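Coordinate-derived values only; no laboratory data. No experiment lies behind these values; they were computed from the predicted model shown. Here the Cβ positions follow ideal geometry from the backbone for every residue, glycine too, while neighbour counts run over all protein chains shown.
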Amino acid sequence: DTGVSQDPRHKITKRGQNVTFRCDPISEHNRLYWYRQTLGQGPEFLTYFQNEAQLEKSRLLSDRFSAERPKGSFSTLEIQRTEQGDSAMYLCASSLVPPSSDTQYFGPGTRLTVL
Amino acid sequence: LAKTTQPISMDSYEGQEVNITCSHNNIATNDYITWYQQFPSQGPRFIIQGYKTKVTNEVASLFIPADRKSSTLSLPRVSLSDTAVYYCLVGDGSGGSYIPTFGRGTSLIVHP
């Protein structure tokens, strides 16, 4: 069990650029979540997949954000035309439901800084 | 959505037992209660999960009263390395679709 991995760990970009993050969940986990976290706040839900199907998406999520999980394994999160307000830690988590009751295992996160 | 309320911060000393309570008044029948620990610049780490009564593992205990409107995470004999933010998350554990909603968590500081 290698855990959830995320790439890159840090990303610095200029306002208006597009960025893409990758998440590799724990093998065999069918659920994959994306969160955003800013300083002093808890993780904020963005979206989640059950296998390759995107089941929920936050209504707070701008159309500039899109996520995919094409084969039900790894996932990518793309942010188009980045804004300074997008600066945050982007977290990925995975779980296996059933049999677990959605116990989520988090990756180390990708720290995005938009200049 | 099951909203949770926790104290913003707590202080303790090494060797003491720490109890962090989370309120979740509108918890649903299928909801489980899960606690996570987070260190700076890291992702949250699973601590313990329960549905009702008491659950214990090697690092913590979780107490859930009969009405399930609150839960208490108990950390026995804390050390400096337990200084972290602790989150309770209430969510559908039956396999149904739901939106996980984390609160601001409780910042625990353990003093020497």
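Below is a table of values for the structure above.
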item	result
Signed unit charges on C-beta, dipole axis of the stretch B:10-112, positive-most listed residue B:HIS24, B:VAL78, B:TYR13	B:HIS24
Shielding by partners, peptide B:94-104 (average Cβ within 10 angstrom, other chains)	6
Translational diffusion of the stretch A:9-115, µm² s⁻¹ [Kirkwood Rh, Cα pairs; Stokes-Einstein; 4 °C; 1.567 mPa s]	93
Distance in nm between pseudo-label sites at A:ARG59 and A:ARG22 (7 Å out along the Cβ direction from Cα)	3.5
Local net charge near B:GLY96, Cβ-Cβ under 13 Å (Lys/Arg +1, Asp/Glu -1)	-3
Residue-by-residue Karplus 3J(HN,Hα) for the stretch B:73-82, coefficients 6.51, -1.76, 1.60, Hz, glycine and proline x	8, 10, 10, x, 6, 5, 10, 4, 6, 8
Centroid-to-centroid separation of the stretch A:9-71 and the stretch B:8-85 [C-alpha atoms, Å]	26
Residue-averaged beta-carbon neighbours from other chains (10 angstrom radius) around B:37-43	5
Candidates A:GLY40, A:GLY16, A:GLY85: whichever shows maximal mean-square fluctuation once chain A is modelled as a Gaussian network with Cα springs under 10 Å	A:GLY40
Considering only chain A, percent of DSSP beta bridges that pair antiparallel, nearest 5	90
For B:ASP82, net neighbour charge (Lys/Arg +1, Asp/Glu -1) across residues whose Cβ lies under 15 Å away	-2
Qualifying trypsin sites (Lys or Arg not before Pro) in the stretch A:61-115, DSSP loop, other Cβ atoms within 10 Å at most 15	A:ARG64, A:LYS71, A:ARG81
DSSP bridge orientation in the protein assembly as shown - percent antiparallel, rounded to nearest 5	90
Charge tally in the Cβ shell below 9 Å around A:GLN54, where Lys, Arg are +1 and Asp, Glu are -1, A:GLN54 excluded	-1
Loop-resident sites, the stretch B:48-92, for trypsin sites (Lys or Arg not before Pro), counting at most 16 other Cβ within 10 Å (DSSP)	B:LYS52, B:LYS69, B:ARG77
Phi to ³J(HN,Hα) by Karplus 6.51 cos²θ - 1.76 cosθ + 1.60 over the stretch A:67-84, Hz, x for Gly, Pro	9, 9, 8, x, 10, x, 10, 6, 9, 10, 10, 10, 10, 9, 6, 4, 10, 4
